[in-house]
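Below you will find the structure I want to go over with you.
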Amino acid sequence: MTRRNVTGWRAVLGDTLVLGLVTITIGAVAVLISYRAQNGLPWVSTYRISVDVSDGAKLLKNADVRIGGARVGQVLAIEAQPGRGGGRPYTRLQLALIPGVEPLPADTTAEVRLASVLGGKFLDLVPGEEGGETIPDGGVLALDNALGAVEIEDALLVLRPESRDAIRTTIGELGVA
């Protein structure tokens, strides 16, 4: 009996070292893409704008951006900005939005809102009137278009001190349970 020499693709596919290296390379590329996907998938175009808000209100990087309750993008960066002309400091949010929402009208309003009772936040955009000026890709939604965020602590201030103390006690007791 004679052994035939295997050549070409059969030789490559029969080599366990080559197969192992190819498998490791494919796995490394998959891990890299999944790691980078937090800021959007590579090679997928996005509509990028900046939004100025008076208070970041504990908003986190990669938080959802929603229009009418539907997720249309995410917050890529949060930057503190000094006040202009002696004004108060503000927060600039860098957003990546899906291309279907572009271009947003310049009178769009933005508000940092509570997503859950556990404190999660999202940015809510309400598009303005169509047909007027729009925000170009890379443009900025002005600070004048931002609505103030309402924190749960602020909302509880409408209650009498006795009611606030009762709620605080109840929450504390529920935490023990």
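The values are calculated or read from the model by the stated rules, or taken from the named source; none is laboratory data. In this text, all values refer to a predicted model and were calculated from it rather than measured experimentally. Virtual Cβ from ideal backbone geometry, glycine too; neighbours counted across all protein chains shown. Each accessible area value is taken on the protein alone, full model and side chains, heavy atoms only, with ligands, DNA and RNA left out. Shrake-Rupley method; radii C 1.70, N 1.55, O 1.52, S 1.80 Å.
Considering segment 48-70 alone, what residues qualify as being open to solvent by 20 Å² or more (accessible area, probe 1.4 Å) and more than 15 Å from Pro127 (Cβ to Cβ)?
Arg48, Ser54, Asp55, Lys58, Leu60, Lys61, Asn62, Asp64
Residues to consider are Arg113, Arg84; find the one that is modelled with pLDDT under 80 and open to solvent by 80 Å² or more (accessible area, probe 1.4 Å).
Numbers: Arg113 fails: modelled with pLDDT under 80.
Answer to the check: Arg84.
Also, quick follow-up: Among Glu102, Glu130, which is open to solvent by 70 Å² or more (accessible area, probe 1.4 Å), among the charged types (D, E, K, R) and under 22 Å from Val44 (Cβ atoms)?
Testing whether each residue is open to solvent by 70 Å² or more (accessible area, probe 1.4 Å), among the charged types (D, E, K, R) and under 22 Å from Val44 (Cβ atoms) leaves just Glu102.
Could you list, ordered by first residue, the pairs with Cβ atoms under 7 Å in which the first is in segment 7-27 and β-branched (Val, Ile, Thr) and modelled with pLDDT under 75 and the second is surrounded by 10 or more Cβ atoms within 10 Å (Cβ to Cβ) and in a helix (DSSP H, G or I), at least 6 apart or interchain?
The qualifying pairs are Val12/Val18.
For Arg92, state whether it is touching a residue at least 24 places away in the same chain (Cβ under 8 Å) and among the basic types (Lys, Arg).
The answer is yes for Arg92.
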